[in-house]
Amino acid sequence: MTNKKTNVSEFQAMHHEAGLIAKGMGNYANRDNDLGDRVTAIYKSETKQGEYLAWLSEHMQINDTDNAKAETKRVQRVIANANTQRKMQGLDKKAELESKVRLMRANKPLLEKKLCTAEQVKSKTYMFIVESKPKADFKKSLENLMTKFNVDKEKAQSILATIKE
């Protein structure tokens, strides 16, 4: 059985630490790894996860400040990190990610996808969402590169023709 008050202190400390990182204080890599481990422990514990999401939803409604937003954004960035994703999903360090865990506030696009309720949108509830990661598409990647480097079709074809088989 977990102690809810202890968990709230843990959540507050984690967000404070995230706020320090967001302000550029300290060693990012070590702190991000530590935050990643803490978020993973919360995510993997059904009890802690529920308590954290309830605390975060309430915290962000009460403390709708730039600092609170920066803390939450940093936690979201830590969660988006590939190493944290692997830990949260119980994968090996080198395993390819097939899905992505995200910490999000309920919103209309999630409601349209039926991933949350209208009440959750109204009450600005935070939740973990697991999305399938889209497979890489060579054609789309090539088009993006052509746009990025301002290369037209003819130039791309001449470059491809120079590549040895």
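The values are calculated or read from the model by the stated rules, or taken from the named source; none is laboratory data. Just so we're clear, the structure is a prediction, and the values are computed from it rather than from any experiment. For neighbour counting, all protein chains shown are included, and Cβ atoms are generated from backbone atoms with ideal geometry for every residue, glycine included.
The residues of region 99-109 that are touching a strand residue (DSSP E or B) at 6+ places or on another chain (Cβ under 7 Å) and farther than 19 Å from residue 60 by Cα, listed by number, are 99, 100, 101. Filtering region 111-125 to residues that are within 24 Å of residue 62 (Cβ to Cβ), in a loop (DSSP other than H, G, I, E, B) and basic (Lys, Arg) leaves only 124.
Can you spot a residue in region 130-139 that is of a type in the set (Phe, Trp, Tyr) and modelled with pLDDT of 90 or more? Within region 130-139, not a single residue is of a type in the set (Phe, Trp, Tyr) and modelled with pLDDT of 90 or more. Exactly one residue out of 106, 118 is touching a helix residue (DSSP H, G or I) at 6+ places or on another chain (Cβ under 7 Å), without any contact (Cβ under 8 Å) to a residue 12 or more places away in the chain, over 20 Å from residue 14 (Cβ atoms) and of a type outside the set (S, T, N, Q), and it is 118.
Looking across region 49-67, the residues that are without any contact (Cβ under 8 Å) to a residue 24 or more places away in the chain and either under 12 Å from residue 124 (Cβ atoms) or assigned to a helix (DSSP H, G or I) (or both) come down to 50, 54, 58, 62, 64, 66. Listed by first and then second residue, the pairs with beta-carbon distance under 9 Å, at least 6 apart or on different chains, first residue in region 140-165 and small (Gly, Ala, Ser), second at pLDDT 85 or above, are 156/142; 156/145; 156/146. Just one of (1) aliphatic (A, V, I, L, M); (2) within 21 Å of residue 35 (Cβ to Cβ); (3) modelled with pLDDT of 95 or more; (4) not in a strand (DSSP E or B) fails for residue 97. It is (3). Only one of the numbered conditions (1) under 30 Å from residue 20 (Cα atoms); (2) part of a loop (DSSP other than H, G, I, E, B) is violated by residue 83, and that is (2). Against the criterion of being under 22 Å from residue 42 (Cα atoms), out of contact with any helix residue (DSSP H, G or I) (no Cβ under 7 Å at 6 or more places or on another chain) and acidic (Asp, Glu), residue 112 does not qualify. Which one of these does residue 70 not meet: (1) without any contact (Cβ under 8 Å) to a residue 12 or more places away in the chain; (2) touching a Gly at 6+ places or on another chain (Cβ under 7 Å)? Failed condition: (1).
What about residue 39, is it aliphatic (A, V, I, L, M) and at pLDDT 90 or above? Write out each step before concluding.
Details: aliphatic (A, V, I, L, M): yes; at pLDDT 90 or above: yes.
Spelling it out, residue 39 is indeed aliphatic (A, V, I, L, M) and at pLDDT 90 or above.
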